[in-house]
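The values are calculated or read from the model by the stated rules, or taken from the named source; none is laboratory data. Just so you know, these numbers come straight off a predicted model, no measurement behind them. When we count neighbours, we look across all protein chains shown, and the Cβ atoms used for this are built from the backbone with ideal geometry, even at glycine.
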Amino acid sequence: MSAATETALGLTERTGPVAKAIKFVVYAGLFVVFAGPLLALLVSSFNHVSDPTQLSIIPKSPTLDNFRVAFDHGVLRYLANSFFVVGFGLLLQVAVSVLAGYALARKKFRFMTLVMVAILATMMLPEEILALPLTLVLADLPLVHLNLMGTLAGMIVPLGAWAFSILVMTEFMKDVPPELEEAARIDGAGEFRIFAQIILPLCKPALGVIGVFGFTMIWDQYLLPLLVATNSNAYTLPLALRTLRIDPVVTPGVVMAASLLALLPSVVVFLLFQRSFARGLTAGALKG
Amino acid sequence: MSVKEAAPPRAAPRQHGQTAKPRRRSGQWWVPWLFLAPALILFLYFKFIPMAQAVSMSVQEVRPYLGNTWVGTANYSEILSSDSFRSAMGNTIVLAIGQTFGSMVLGFGLALLVEGQTRKLTFIRSAAFLPVVVPLAVVAELWRIMYHPTSDGLLNQLLGLIGLGPSGFINDPDTSLASIAVTGIWRGAPYDMMIFLAGLAGIDRGLYEAATVDGASTRQRILHVTLPGLRPVFAILFVLAAVRGFRSFTEVFLLTNGGPNGSTEVVMTLIYKLGLEQNRLGVGSAGAVLLFVATLVLTVCVQLLRRRRTA
């Protein structure tokens, strides 16, 4: 084995039948432990599961009834709410981050370090801890005195303040060669044109990272929507799962069907953009 | 965090170039502020004002429509002396430690097993990673069903196969907290695995070769090459996982909501109940501020330890 493919355990070197069998068992075990429960969820959402003990990995009599009942309980509306929040929340977050990243990476100005530190410091501030005062702010936005409680907008606007995305954009924009910008400036391009036509197109990989990461993060939001949604009309799908489960006429199969709909978007986004996701993951861990 | 350490060497040559060259023309002074404006407004409204409000509410008795009254440290002494907060703090720490170490040990083991380039391994890695991208609310509902306390529950059937159980899992005060930790480890370990894999990729392959030539066993290779190479990754993961543990809310809220008998009450579920159900925002805020201070102290301690070791 060449040094380039060497691993810590040196597993790739061993190709004997025993080693192969052990490897197969280990990998199968991993698959069962981590993907198994999700497979059970998938299968159960298509089965007549009327009590919690019937959850199974073997399809029995496939049916769409669970989904039909889930739709009767408004799951489509909750799904639409979720998409609305993730769509506009992500749009806001990305727009805010690229604008701020541009200023922080390509400009020099007074108090720049102060701004940077203030933004980065919020990464150490778990959003859960701010949940209670945040609802008070949303109930009466300072200066403008708007009440966003009970609205989807109340779940969306706080998503704009996300330090991780700003950090990724700033780091990435720093690496764009200054010559490109200077050439455009000499050609008479204005500030916004340089930003939109020179810098931004070169930052597509970073946009992918914050897009994919932001999507899964927003889709996973729970506490803030729970506090903001004062009535079930504004529930997102993750919130609605609990309401469904507590409803005495709803069977676990229906909860699993709704759960499947609640997990599919972020799983699909992850599978489609694995590369960007992995990059965001390591950037998040190494920088955060 | 680590940004602070990375910044000086990065910024230094930049400033050096700045003094050598004439100042780069970058438009009017207000241009950067224009680009920053949306971010600054949103951060002010949704991070800094709430933070200030949390601190100010924690020293007041919050009475909607009646006006708040200053109570000094009364909220803090009340929450610190209450049994429910103390036991919630204890549960939070136990849960954070259990999840942190469980996910790190399992994640490290997984990373060693699935390190490599073959297509089969890529598939296994993606499959193992799925729990991380599944919304926590779904994870909780799924495990709730799997934890069904009778002997026909999914996990109890598995326990039955090895002659154990049936366990009450989340319904039994003795096992409830551990059950929540297991769910957390299931979701956290693949995340740690991914970070470890990134760290493993950064280890010089030649060191393995050299170790093998020197007759080192696999155990010695891991002990003397892999682990030292991963030290910074361990430190980062420790902070991330511990903070994740401190703030855990969703899974506890959905699996047990603090029950049975308060055996799984954590600080965040307690704050939620104080704030939303009992409308005691001042006391709840005091709890939140304490949780924030604990998070901050932990992060700073690990950073200091790291710096001393690398210096």
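Yes/no matrix, rows are residues, columns are (1) at the interface with another protein chain (Cβ under 8 Å from one of its Cβ atoms); (2) of a type in the set (Val, Ile, Thr); (3) touching a residue at least 60 places away in the same chain (Cβ under 8 Å):
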{"position": "A:234", "(1), (2), (3)": "no, no, yes"}
{"position": "A:238", "(1), (2), (3)": "yes, no, yes"}
{"position": "A:253", "(1), (2), (3)": "no, no, yes"}
{"position": "A:262", "(1), (2), (3)": "yes, no, yes"}
{"position": "A:267", "(1), (2), (3)": "yes, yes, no"}
{"position": "A:270", "(1), (2), (3)": "yes, no, no"}
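Quick check on the range B:107-120. Is at least one of its residues at the interface with chain A (Cβ under 8 Å from one of its Cβ atoms), touching a residue at least 60 places away in the same chain (Cβ under 8 Å), closer than 28 Å to residue B:298 by Cβ and surrounded by fewer than 22 Cβ atoms within 10 Å (Cβ to Cβ)?
First, pick out the residues of the range B:107-120 that are at the interface with chain A (Cβ under 8 Å from one of its Cβ atoms): B:110, B:112-118, B:120.
With touching a residue at least 60 places away in the same chain (Cβ under 8 Å) added as a condition, the list becomes B:110, B:112, B:114-115.
Next cut, closer than 28 Å to residue B:298 by Cβ only: B:110, B:112.
Narrowing the set further to residues that are surrounded by fewer than 22 Cβ atoms within 10 Å (Cβ to Cβ) leaves B:112.
Yes: the range B:107-120 contains one or more residues that are at the interface with chain A (Cβ under 8 Å from one of its Cβ atoms), touching a residue at least 60 places away in the same chain (Cβ under 8 Å), closer than 28 Å to residue B:298 by Cβ and surrounded by fewer than 22 Cβ atoms within 10 Å (Cβ to Cβ).
Go through the range A:149-184 and count every residue that is assigned to a helix (DSSP H, G or I), under 27 Å from the mean Cα position of the chain (by Cα) and free of Cβ contacts under 8 Å to residues at least 40 places away in the same chain.
1
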In this structure, does residue B:256 turn out to be surrounded by 21 or more Cβ atoms within 10 Å (Cβ to Cβ), of a type in the set (Val, Ile, Thr) and over 19 Å from residue A:126 (Cα atoms)? yes
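What number of residues in the range B:220-235 are more than 10 Å from chain A (Cβ to nearest Cβ) and free of Cβ contacts under 8 Å to residues at least 12 places away in the same chain? Working first, answer last.
Filtering the range B:220-235 for residues more than 10 Å from chain A (Cβ to nearest Cβ) gives B:220, B:223-224, B:228, B:231, B:234-235.
Pick out the ones that are also free of Cβ contacts under 8 Å to residues at least 12 places away in the same chain and you get B:220, B:223, B:228.
Number satisfying all stated conditions: 3.
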Taking residue A:227 as meeting all but one of (1) of a type in the set (A, V, I, L, M); (2) at pLDDT below 90; (3) more than 27 Å from residue A:68 (Cα to Cα), write down the number of the exception. (2)
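Quick grid of which residues meet (1) more than 11 Å from chain A (Cβ to nearest Cβ); (2) modelled with pLDDT of 85 or more; (3) outside any loop (DSSP other than H, G, I, E, B):
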{"residue": "B:237", "(1), (2), (3)": "no, yes, yes"}
{"residue": "B:241", "(1), (2), (3)": "no, yes, yes"}
{"residue": "B:248", "(1), (2), (3)": "no, yes, no"}
{"residue": "B:258", "(1), (2), (3)": "yes, yes, no"}
{"residue": "B:263", "(1), (2), (3)": "yes, yes, no"}
{"residue": "B:285", "(1), (2), (3)": "no, yes, yes"}
Considering every residue within the range B:157-176, establish whether at least one is facing chain A (nearest Cβ under 9 Å), of a type outside the set (A, V, I, L, M) and in a loop (DSSP other than H, G, I, E, B). no
Quick check on my filter: what residues within the range A:220-232 are at the interface with chain B (Cβ under 8 Å from one of its Cβ atoms) and either within 18 Å of residue B:142 (Cβ to Cβ) or hydroxyl-bearing (Ser, Thr, Tyr) (or both)? A:220, A:222
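Select, from A:56, A:61, A:2, the only residue that is farther than 30 Å from residue B:204 by Cβ, modelled with pLDDT under 75 and surrounded by fewer than 18 Cβ atoms within 10 Å (Cβ to Cβ). If you could, list the steps in order and put the result at the bottom.
Details: A:61 fails: modelled with pLDDT under 75; A:2 fails: farther than 30 Å from residue B:204 by Cβ.
It is A:56.
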Hits in the range B:252-311 (condition: on the phi > 0 side of the Ramachandran plot and small (Gly, Ala, Ser)): B:258, B:262
Would you check if there is a residue in the range A:185-192 being in contact (Cβ under 8 Å) with a residue 40 or more places away in the chain and either more than 8 Å from chain B (Cβ to nearest Cβ) or touching a His at 6+ places or on another chain (Cβ under 8 Å) (or both)? no
